[in-house]
Amino acid sequence: MKVTFPHMGHLWLVLKAALTGIGLEVVVPPPCTRRTLELGVRHAPESACLPLKVNLGNYLEAKELGADTIVMAGGVGPCRIGYYSQVQREILRDLGCAYEMVVFEPPDVHFNEVWDKIKYLNRRPWQDGVHGVVMAWLKACAVDALEQEVQRLRPREAQTGLADAVFRRALQELDAAGSRKEVNRVVKEIKGELAALPLKPDVRVIRVGIVGEIYTVLEPLVNLDIEKRLGALGVEVVRGLFLSRWINDNLFKGLLPLPGHHPEKTAPPFLNHFVGGHGWESVGDTVTFARRGCDGVIQLAPLTCMPEIVAHSVMPAVQQATGIPVMTIYLDEQTGEAGLQTRLEAFVDMLRRQKGVRAG
Amino acid sequence: MTSIYLGIDVGSVSTNVIALDIDGNLLASVYLRTRGQPIPAIQEGLREIRATLGREVTVAGVGTTGSGRGLAAVMTGADVVKNEITAHAVAASQVVPGVQTVLEIGGQDSKIIILRQGVVTDFAMNTVCAAGTGSFLDQQAARLGIPIENFGRLALGAKNPVRIAGRCAVFAESDMIHKQQQGHPLDDIVAGLCEALVRNYLNNVGKGKEILPPVVFQGGVAANAGMRQAFSRALGTEVIVPEHYGVMGAYGAALLAREARPKTSAFRGFELTERDFRTGGFECRGCANHCEVVELREGKEVLARWGDRCGKWSNAVAV
């Protein structure tokens, strides 16, 4: 059994650790590129949202490397991604691409099913499996901690791209790390390297929060590297969505002391209930970012994403009440780089000028 | 010897160059068609500006804007590179102090900019449709054999504007042809078309934004009397078209260069109109991304590269 899974930002690193931990041979799909997207778009329904298309591209590219089993998440509720695993299964079958699919439904609804599937996949004694899961968790936390450091450095570094180069190497080293000790060593070393990067002498950084649907927020291919673009424009990006927090909120039921989303506390009175996907969190996080003194918020969503459309329609009220400017960007395979760049520059310019006026 | 500030707006359809004196007064302006070749257009624009001004000028600052702003900036040595939204907002508030809404429709894209107390508080650009309004009007005028300058004026005499589907240019065109075949008079059809485009703009670009007067209408399409009339009717307020409505982007870029007051301008000299610039590109095979890298060369020297995700090529050239 050669197992593969869809990409979502740095998720591969975490999943690879967990799956190798339970004794599976893992095929990480090639990094998402234009080719991945083109492959997916060719075979996916046109109106499906981007995650389905890119995932499909991932599977087809992983097949070329010999993968025969897909592990992915299903879901319940208004977000369509819940049934995308089934749609993908059918599309792959029609293409004559033989894959076995192991779909994990949300553990709070289908706990026994999850248990059965883990038992089915597991190839090792339980202690080893637990070790793999612990490693995956440690790596998720390490990646997220380092990425936050990079987000802080991007607008401040003297030469654009240096922090990202260090971060790229960190990902490789974390991937190779086999023990808690090694993970800690990598984090410490990389943090030291990042701290030693030369900075611009006097930068006036503005802070922009990123909210939205998790896939478009975390996957740089589909959001056209929005965080790097903003960094180059002198913007410190903050976001609420991180893999470690997602795992903590959804799999560990928020047991660990990590900052989580509490849309039930932050989103009302603008949006009072779950709307699927991350729509509720988008509204809640916007309120949180406004309270924490961010200068603006950018909401990202795949085109036709229903939960984010609901959130989008609520944003003018949030903007009115909190005074934080919100710009919504819908992404799909048609999104042009030049158009995105102009919108980002204009948004950042607007925030700078507003800030200048407020400060002066 | 007079000091001037240059503003260069390189758009998809037109390239505009403007010269301001140090007090911000407009000395000269040039409007050219880009014709898909921004480099010769920029060179031609600068040549004409210099011809208009005579030789005795020093350039105190250069600003570029428009979709070709990056290219123009590297070529000319710009001090300020700003996107179209900022440039248009700055220009509009210079011409009409206290402006609260800017409607801007060019060849390819359309924007709405909301200002309050002189600061941009909100903006939008065409996304799904309402694109190519200027080009579409151009095309319809050509199809009907009416010079574009007279096209909009036709609408003013209309008694019963025809209702035309304005969701997107393709629907609008087929619906319009249908109405023509039914025998509606031309002026009613042109008026209907203008109303459809305005409706489309307000629904897709201006969606939900609070449009307060004074309203300024600029960009190439503002030349169209029919569009001006349709806008003031739809908004129920006067719509101001500034004198230099077609070159407001370049004007704004020049104003921004003036505002920045560079100690010495990075301008590479008017001689650049005689230099040999070339662009080329290649696909990088360094990783799986296969980025399309574009480079700008002057003679043999590489001035700039862009398009790579990792910075391998763009960082290798000091811009």
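The values are calculated or read from the model by the stated rules, or taken from the named source; none is laboratory data. The shown structure was predicted, so the numbers you read here are calculated from the model rather than taken from an experiment. Glycine also receives a Cβ, built like all others from the backbone with ideal geometry; neighbour counts cover every protein chain displayed. Protein only, heavy atoms only, side chains kept; ligands, DNA and RNA dropped before computing areas. Shrake-Rupley method; radii C 1.70, N 1.55, O 1.52, S 1.80 Å.
Before moving on, here are some points about what is shown:
- Average accessible surface for chain A: 44 Å² per residue, computed with a 1.4 Å probe over protein heavy atoms with every protein chain in place.
- Whole-percent carbon and sulfur share, accessible surface of the range A:71-125, 1.4 Å: 57
- Across the options B:His184, B:Pro40, A:Val71, the greatest Cα extent toward the positive end of the charge dipole of the protein assembly as shown (unit charges at beta carbon of Lys, Arg, Asp, Glu) belongs to A:Val71.
- Inverse mean reciprocal Cα-Cα distance (Kirkwood Rh) of chain A, Å: 21.4
- With a Förster radius of 30 Å applied to the beta-carbon distance between A:Lys200 and A:Lys355, the computed FRET efficiency rounds to 0.95.
- Computed on the Cα trace of chain B, the radius of gyration divided by the Kirkwood hydrodynamic radius gives Rg/Rh = 1.01.
- For the range A:203-360, the alpha-carbon radius of gyration amounts to 1.01 times the rule-of-thumb value 2.2 N^0.38 Å expected for a compact globular protein.
- Helix axis angle, B:84-95 relative to chain B longest principal axis, alpha carbon, degrees: 70
- Counting Cβ atoms of other protein chains within 10 Å of each Cβ in B:109-122 and taking the mean gives 3.
- Under Stokes-Einstein, with the Kirkwood radius over Cα pairs as Rh, the value for the protein assembly as shown at 25 °C and 0.890 mPa s is 89 µm²/s.
- Set of lysines with alpha-carbon distance to A:Lys228 below 26 Å, sequence-local pairs under 8 removed: A:Lys16, A:Lys53, A:Lys139, A:Lys188, A:Lys191, A:Lys200, A:Lys355, B:Lys82, B:Lys111, B:Lys312
- Portion, in percent, of the accessible area of the range A:129-202 that falls on carbon or sulfur, probe 1.4 Å: 56
- Note on exposure: B:Val90, A:Val41 ranked by accessible area (1.4 Å probe, complete protein assembly) read A:Val41, B:Val90, with the most exposed listed first.
- Of the residues A:Gly66, A:Gly339, A:Gly260, the one that moves most in a GNM of chain A with alpha-carbon contacts below 10 Å is A:Gly339.
- Relative contact order [Cα under 8 Å, 6+ residues apart], chain A, whole percent: 16
- Check: the range A:2-124 dipole with +1 on Lys, Arg Cβ and -1 on Asp, Glu Cβ, in debye: 260
- The range B:97-241: relative contact order in percent, alpha carbon pairs under 8 Å with at least 6 residues between: 30
- The protein assembly as shown - share of DSSP beta bridges that are antiparallel (%, nearest 5): 50
- Taking A:Lys139, A:Lys16, A:Lys117 in turn, the Gaussian network model of chain A (Cα-Cα springs below 10 Å) assigns the largest fluctuation to A:Lys117.
- Spread of Cα-to-Cα distances over 10 Å intervals beginning at zero, given as percent, for the range A:267-360: 16, 44, 32, 8, 0
- Of all DSSP beta bridges in chain B, antiparallel share, percent nearest 5: 70
- Listing of the range B:70-98 residues, each with accessible area lower by at least 30 Å² in the full protein assembly than in the chain alone (probe 1.4 Å): B:Asn83, B:Thr86
- Partners of B:Lys159 within straight-line reach, counting aspartates and glutamates whose Cα lies under 14 Å from its Cα and excluding those fewer than 8 residues away in the same chain: B:Asp187, B:Asp188, B:Glu195.
- Helix A:337-359 and the longest principal axis of the Cα set of chain A meet at an angle near 40°.
- Pairs of Cα atoms nearer than 8 Å and 6+ residues apart set the relative contact order; for chain B it is 21 percent.
- For chain B, the longest principal axis of the alpha carbon atoms and the long axis of helix B:169-182 meet at an angle near 30°.
- The range A:2-124 shape via C-alpha gyration tensor axes, a/c threshold 1.5: oblate
- Spatial separation of Cα centroids for the range A:249-324 and the range B:1-63, in angstrom: 46
- For the protein assembly as shown, with +1 on Lys and Arg beta carbons and -1 on Asp and Glu, the positive-most of B:Val221, A:Thr266, A:Ile214 along the dipole: A:Thr266
- Other protein chain Cβ atoms within 10 Å, averaged over every residue that makes up A:269-281: 0
- Burial order of peptide ranges B:79-87, A:178-186 (average beta-carbon count within 10 Å, highest first): B:79-87, A:178-186
- Nearest-20 debye value, the range A:129-202 charge dipole, Cβ charges on Lys, Arg, Asp, Glu: 140
- Packing around the peptides B:213-224, A:149-160, taken as the average count of other Cβ atoms within 10 Å per residue, puts them in this order, highest first: B:213-224, A:149-160.
- For chain B, a Gaussian network of Cα nodes joined below 10 Å ranks B:Ile22, B:Ile42, B:Ile177 by mean-square fluctuation, and the top entry is B:Ile177.
- Here the accessible area of the range B:124-235 is 53 percent carbon and sulfur, with a 1.4 angstrom probe and all protein chains present.
- Percent of Cα pairs exceeding the 21 Å cut-off, where the set is the range B:1-72: 20
- In the full protein context, the range B:1-127 carries 35 Å² of accessible surface per residue, based on a 1.4 Å probe and ignoring ligands, DNA and RNA.
- Total accessible area lost when B and A pair, probe 1.4 Å, Å² to nearest 100: 1900
- Surface accessible to a 1.4 Å probe, B:Thr273 within the full protein complex, Å²: 10
- Annotation: the antiparallel percentage among DSSP beta bridges lying fully within chain A is about 5.
- In whole percents, the pair-distance distribution calculated for the range B:276-318 from its alpha-carbon pairs, binned every 5 Å from zero, is 6, 26, 30, 22, 11, 4, 1.
- Assuming charge only on the beta carbon of Lys and Arg (+1) and of Asp and Glu (-1), the dipole of the protein assembly as shown about its Cα centre is about 860 debye to the nearest 20.
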